[in-house]
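*Asks:* The structure is given below, and queries will be raised subsequently.
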Amino acid sequence: MHTRNLNLFHTAAPLTLALIVATAQAEPLQPTEGPIESGGIIGGYTTDTVGNHSVNNYWIKGADGVVVIDAHWRLSDAERALKALRATTELPIEAVLLTHPHSDHFGGLPAFLDAAEADGGAADFYAAAWTARSIRHDEQGFRANREDQFGDDFPTVIPEPTQLIEDGVAFEVAGIEIEPVIFRQNESLETVVFHIPSERALFTGDMVNGETFPVLYQGGLDGWIAQLETLRARFPEVETIYPGHGAPGPFEALVAGEIAILETHRDYIAAALDDDGVVDAAEREAIADALEAAFPDWRTTAGIPARRQVIARNIDWALRGWRVEGAGAGNAREFRTETQ
């Protein structure tokens, strides 16, 4: 896990630092598609087929059934994940849990629910109320974007949840105790993290990722960082984080890495603004150089194929103030244009 030199970051202006660091290679990364194996009752699958964008889903094998967490981007991605699941167990799928309303995590949902029905039962679909509303009305334009991009490989209808998640209200499925905690305005406008006490495990959606550049379209940096500190205080016993993107890993390492990259974005953009209230083209390039050099092996995300593009948009989104409502707000049409 990357660690950074805080003194260097706080004492060097962005433009100056860009002159003394080496720019990282343009794109890292070998394909990562394949099963996620923990050696216990938790498994999963990583897809890696769109825009250098790696997406995870997971399953937990209980005494008499399987709980699935998140459902991939496309129906074909979900089918490959289901094949991997079936290679490990024939237990029926009893529930599918959704962490947040981004389409790379719910597009394959019908495939998992259809598989459960084919097993001879009907799986419950768990989501938080605001997440369900956001998907239903496509408030951020995610579904429209994916329908344009993927055609028939993205469902035209997303099922409604059969069970609504309440913050902090634990429930049990397949003999597995699950504690959901809801956070808002981090990488998504709403994220449910799922704590599995018996496994000392936390499934974080995109609130904490593994060596993957964040997307700052929907969350404020300071608030997101504060939420990560809250995770430390709330879940001291958790050993492993299972993120929406990137490899699962030790709780503290993944949280520290997420805080580091968010603070780095914040500190460099703030330093450029403090100079004259403007982040000009040279400063933008300097910030991008510094971020790529500081996090050379981190993946891109949001279906944006190059890290440089993610960084450029993160600067714009940070400067916009992450407005999500009211006059001048970012809207679905704007987001769709920016993420093409």
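The values are calculated or read from the model by the stated rules, or taken from the named source; none is laboratory data. Not measured: the values here are computed from a predicted model. Reconstructed Cβ throughout: ideal geometry from the backbone, glycine too, with neighbour counts over all protein chains shown. For the accessible areas, the whole protein counts, side chains as well, though only heavy atoms, and no ligand, DNA or RNA atoms are used. Shrake-Rupley method; radii C 1.70, N 1.55, O 1.52, S 1.80 Å.
*Asks:* Would you tally the residues in segment 61-73 being open to solvent by less than 40 Å² (accessible area, probe 1.4 Å) and farther than 13 Å from ALA123 by Cβ?
*Replies:* Within segment 61-73, residues that are open to solvent by less than 40 Å² (accessible area, probe 1.4 Å) and farther than 13 Å from ALA123 by Cβ number 3.
*Asks:* Now for a different question. Could you say whether any residue in segment 110-125 is farther than 15 Å from GLU160 by Cβ, at pLDDT 95 or above and within 16 Å of the chain's Cα centre (by Cα)?
*Replies:* No: zero hits.
*Asks:* Identify the single condition in (1) closer than 17 Å to ASP206 by Cα; (2) modelled with pLDDT under 95; (3) not acidic (Asp, Glu) that THR156 does not satisfy, given that it satisfies every other one.
*Replies:* (1)
So that you can scan it fast, the table gives a plain yes or no per residue for (1) touching an Asp or Glu at 6+ places or on another chain (Cβ under 8 Å); (2) outside any loop (DSSP other than H, G, I, E, B); (3) modelled with pLDDT of 95 or more; (4) of a type outside the set (Gly, Ala, Ser):
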| position | (1), (2), (3), (4) |
| --- | --- |
| ALA22 | no, no, no, no |
| ILE36 | no, yes, yes, yes |
| GLY40 | yes, no, no, no |
| GLY44 | no, yes, yes, no |
| THR49 | yes, yes, no, yes |
| ASN56 | yes, yes, yes, yes |
| ILE60 | yes, yes, yes, yes |
| ASP77 | no, yes, yes, yes |
| GLU94 | yes, yes, yes, yes |
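*Asks:* Out of segment 96-110, which residues are under 23 Å from GLU172 (Cα atoms) and either free of Cβ contacts under 8 Å to residues at least 60 places away in the same chain or assigned to a helix (DSSP H, G or I) (or both)? Give the steps one after another, and end with the answer.
*Replies:* Keep residues of segment 96-110 that are under 23 Å from GLU172 (Cα atoms), which gives 96-101, 105-106, 109-110.
Listed by number, the residues that qualify are VAL96, HIS105, PHE106, LEU109, PRO110.
*Asks:* Just checking, which of ALA271, ALA286 is out of contact with any Asp or Glu (no Cβ under 7 Å at 6 or more places or on another chain), open to solvent by 30 Å² or more (accessible area, probe 1.4 Å), touching a residue at least 40 places away in the same chain (Cβ under 8 Å) and assigned to a helix (DSSP H, G or I)?
*Replies:* Step by step, each of ALA271, ALA286 is checked, and only ALA271 is out of contact with any Asp or Glu (no Cβ under 7 Å at 6 or more places or on another chain), open to solvent by 30 Å² or more (accessible area, probe 1.4 Å), touching a residue at least 40 places away in the same chain (Cβ under 8 Å) and assigned to a helix (DSSP H, G or I).
*Asks:* Looking at segment 82-102 only, could you name the residues that are open to solvent by less than 10 Å² (accessible area, probe 1.4 Å) and closer than 24 Å to ALA144 by Cα?
*Replies:* Listed by number, the residues that qualify are VAL96, LEU97, LEU98, THR99, HIS100, PRO101.
*Asks:* Let me ask something else. Of all residues in segment 199-243 being hydroxyl-bearing (Ser, Thr, Tyr) and surrounded by fewer than 23 Cβ atoms within 10 Å (Cβ to Cβ), which is nearest to HIS72 (Cα to Cα)?
*Replies:* THR240
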